[in-house]
Amino acid sequence: MTPRYFGFKLPPRDGHPGAIADALRNDGVSDPHVTADRLIKLAKARHRDIAWAIASDAGVRLMRDAGGAVLLMFAIVTALLAR
């Protein structure tokens, strides 16, 4: 079971296939966690140079770190469009 905080799912940690399994479940896969584990292992084997980042929550950290930049870009685009 995915832990929840104020009704929101917490992101998977340490290669936990939570989000992938959720997507597979929505597609009708009978055992989504086993399938997600296999997909992660295959992706790590295929892309050894970046295997450490696969299912490591690195994308969420990058998006969180870029939050200020996104707000700045939004303000710039909004100002340009208002001209």
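Hey, can you tell me all the residues within region 19-30 that are assigned to a loop (DSSP other than H, G, I, E, B) and either in contact with a helix residue (DSSP H, G or I) (Cβ under 7 Å, 6 or more places away or on another chain) or of a type in the set (A, V, I, L, M, F, W, C) (or both)?
Start the filter on region 19-30 by keeping residues that are assigned to a loop (DSSP other than H, G, I, E, B), which leaves 27-30.
Of everything in region 19-30, just one residue is assigned to a loop (DSSP other than H, G, I, E, B) and either in contact with a helix residue (DSSP H, G or I) (Cβ under 7 Å, 6 or more places away or on another chain) or of a type in the set (A, V, I, L, M, F, W, C) (or both), namely 29.
State all residues of region 31-54 that are under 15 Å from residue 18 (Cα atoms) and outside any helix (DSSP H, G or I); if no residue qualifies, say none.
Once the filter is applied, which keeps residues that are under 15 Å from residue 18 (Cα atoms) and outside any helix (DSSP H, G or I), region 31-54 yields 31, 54.
Against the conditions (1) at pLDDT 85 or above; (2) within 17 Å of residue 60 (Cα to Cα); (3) small (Gly, Ala, Ser), where does residue 19 fall short? Just the number, please.
Only one criterion in (1) at pLDDT 85 or above; (2) within 17 Å of residue 60 (Cα to Cα); (3) small (Gly, Ala, Ser) is unmet by residue 19, namely (1).
Kindly indicate whether residue 79 is out of contact with any Pro (no Cβ under 7 Å at 6 or more places or on another chain), without any contact (Cβ under 8 Å) to a residue 60 or more places away in the chain and closer than 29 Å to residue 20 by Cβ. Let's see the steps before the verdict.
Details: out of contact with any Pro (no Cβ under 7 Å at 6 or more places or on another chain): yes; without any contact (Cβ under 8 Å) to a residue 60 or more places away in the chain: yes; closer than 29 Å to residue 20 by Cβ: no.
It is false that residue 79 is out of contact with any Pro (no Cβ under 7 Å at 6 or more places or on another chain), without any contact (Cβ under 8 Å) to a residue 60 or more places away in the chain and closer than 29 Å to residue 20 by Cβ.
The values are calculated or read from the model by the stated rules, or taken from the named source; none is laboratory data. Since the model is a prediction, treat every value here as computed from it, not as a measurement. Positions of Cβ are backbone-derived with ideal geometry, glycine not excepted, and every protein chain shown enters the neighbour counts.
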